[in-house]
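To start, the structure itself, in structure tokens.
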Amino acid sequence: MSWKLQDIASQSGRIAIVTGANIGLGFETAAVLAEKGCVVVLACRNLDKAQAAKQQMLKRDPDASVICMALDLSSLKSVRAFAQAFSRSHSQLDLLINNAGIMMPPYALSEDGFESQWAANYLGHFALTGLLLPLLVKTPKSRIVSLSSLAHTWGAIRLEDPNFTRGYDKREAYGQSKLACLMFAYELQRRLSRAGHNTLSVAAHPGVSATNLFQHMPKAVQVFSPLMSLIFQSAKGGALPSLYAALGADVAGGDYYGPGSMGQMRGAPVKVGSNRASRDLTVATALWSLSESQSGVRYLD
Ligand SMILES: NC(=O)c1ccc[n+]([C@@H]2O[C@H](COP(=O)([O-])OP(=O)(O)OC[C@H]3O[C@@H](n4cnc5c(N)ncnc54)[C@H](OP(=O)(O)O)[C@@H]3O)[C@@H](O)[C@H]2O)c1
């Protein structure tokens, strides 16, 4: 695929929400969407950081239309408040980019009592999507992009104990959360199609990109290591699969995009596959029910 940012048509008249847009892949995704004329909402847990990101975007493009709104995905109260505020002030939503995430932090529970990676990476986005769905489905050509990872193979969906109440394994918990994001993207598409909606649900992963995500990893693996910075691609490069999933002309619902070179670690975006666990329909259905009962947000049943 020889897709380039220059190929992206004007997005004028469209509105996008990018979660975790103050830095890293979310920042790059939001900046490109804004440069292409989209009104972009930076949905961030720290409004000062969001404002600083907005200023950087305006430096890149003084005509960019960027709005900062508070959203902490690890708080269902915050997710509800965000969705309510956005829905009150907008009558359309073209793109929802479920990007925010954390990786392998020490064990912690969210204010709602969920393991922190499950809460921030997955459950918050499940609830957010459901609460914004009425706007998405009434907006022609709308898309929902969910960020997964090569790490979706590191874990399984632990339907009996997603919170790791016994024996926290931070790597496995990250893998579980990213597998859940991917299974959610697939299951959401099946349910959208069944309900007759045209909104597309698409998944993407950035390969391995030099961002703050690695802050809890051992120093040797961190982006400062000279060897690692040879392997890691930039956040700009890592944002391309998300942008392709959001805007690519030949994208179909249920597709998954990632970098096409070096074992999907870097390179231009291509359509990629995922492991067998991610395609398990029985687990996908059970995951959906679990997510509804955990979040209290029911949709597309
Ligand atoms: N970088 C990679 O190689 C890689 C590989 C595979 C998948 N991914 C996925 O790509 C996505 C973006 O990661 P990144 O690499 O850009 O990481 P990053 O630079 O650390 O950015 C993560 C963003 O998520 C935000 N965030 C974290 N917890 C949040 C919460 N509870 N509520 C709202 N926002 C929250 C962060 O906000 P703060 O700045 O306030 O912390 C930040 O804006 C993640 O879903 C990650 O799993 C990344």
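The values are calculated or read from the model by the stated rules, or taken from the named source; none is laboratory data. If you're wondering where the values come from, they're calculated on a predicted model, not measured in any experiment. All Cβ positions, even for glycine, are placed from backbone atoms using ideal geometry, and neighbour counts span all protein chains on display.
Quick look at the values:
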{"item": "Selection within region 170-193 - farther than 15 Å from A284 by Cα and touching a His at 6+ places or on another chain (Cβ under 7 Å)", "result": "G175"}
{"item": "Tally of residues being surrounded by fewer than 21 Cβ atoms within 10 Å (Cβ to Cβ) and under 17 Å from L132 (Cβ atoms) across region 31-62", "result": "1"}
{"item": "Some residue of region 198-210 being assigned to a strand (DSSP E or B), closer than 23 Å to K271 by Cβ, within 16 Å of the ligand (Cβ to nearest atom) and at pLDDT below 95", "result": "yes"}
{"item": "Meets criteria (assigned to a loop (DSSP other than H, G, I, E, B) and either buried (at least 22 other Cβ atoms within 10 Å of the Cβ) or of a type outside the set (D, E) (or both)) for L300", "result": "yes"}
{"item": "Residues located in region 82-95, provided they are within 19 Å of S146 (Cα to Cα) and either free of Cβ contacts under 8 Å to residues at least 60 places away in the same chain or within 14 Å of the ligand (Cβ to nearest atom) (or both)", "result": "F82, A83"}
{"item": "Members of region 129-145 found to be crowded, with 22+ Cβ neighbours inside 10 Å and either over 19 Å from the mean Cα position of the chain (by Cα) or part of a loop (DSSP other than H, G, I, E, B) (or both), listed by number", "result": "S142"}
{"item": "In region 250-269, the residues that are surrounded by fewer than 16 Cβ atoms within 10 Å (Cβ to Cβ) and modelled with pLDDT of 95 or more", "result": "D250, A252"}
{"item": "Residue within region 107-115 that is assigned to a strand (DSSP E or B) and within 15 Å of the ligand (Cβ to nearest atom) present", "result": "yes"}
{"item": "Given (1) within 16 Å of the ligand (Cβ to nearest atom); (2) assigned to a loop (DSSP other than H, G, I, E, B), number of the condition R158 does not satisfy", "result": "(1)"}
{"item": "Number of the exception - W118 against (1) more than 11 Å from the ligand (Cβ to nearest atom); (2) of a type in the set (A, V, I, L, M, F, W, C); (3) surrounded by fewer than 24 Cβ atoms within 10 Å (Cβ to Cβ)", "result": "(3)"}
{"item": "Subset of region 3-30 [among the small types (G, A, S), assigned to a helix (DSSP H, G or I) and surrounded by fewer than 24 Cβ atoms within 10 Å (Cβ to Cβ)]", "result": "G24"}
{"item": "Residue within region 146-153 that is crowded, with 17+ Cβ neighbours inside 10 Å and away from the ligand (no atom under 16 Å from the Cβ) present", "result": "no"}
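Here is a yes/no grid of residues against (1) away from the ligand (no atom under 12 Å from the Cβ); (2) of a type outside the set (G, A, S); (3) in a helix (DSSP H, G or I):
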{"residue": "Y174", "(1), (2), (3)": "no, yes, yes"}
{"residue": "A180", "(1), (2), (3)": "no, no, yes"}
{"residue": "F184", "(1), (2), (3)": "yes, yes, yes"}
{"residue": "L192", "(1), (2), (3)": "yes, yes, yes"}
{"residue": "G260", "(1), (2), (3)": "yes, no, no"}
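The rows are residues; the columns are (1) closer than 16 Å to G130 by Cα; (2) touching a residue at least 12 places away in the same chain (Cβ under 8 Å); (3) among the small types (G, A, S).
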site	(1), (2), (3)
S149	no, yes, yes
W154	no, yes, no
L179	no, yes, no
Y186	yes, yes, no
R191	yes, yes, no
A195	yes, yes, yes
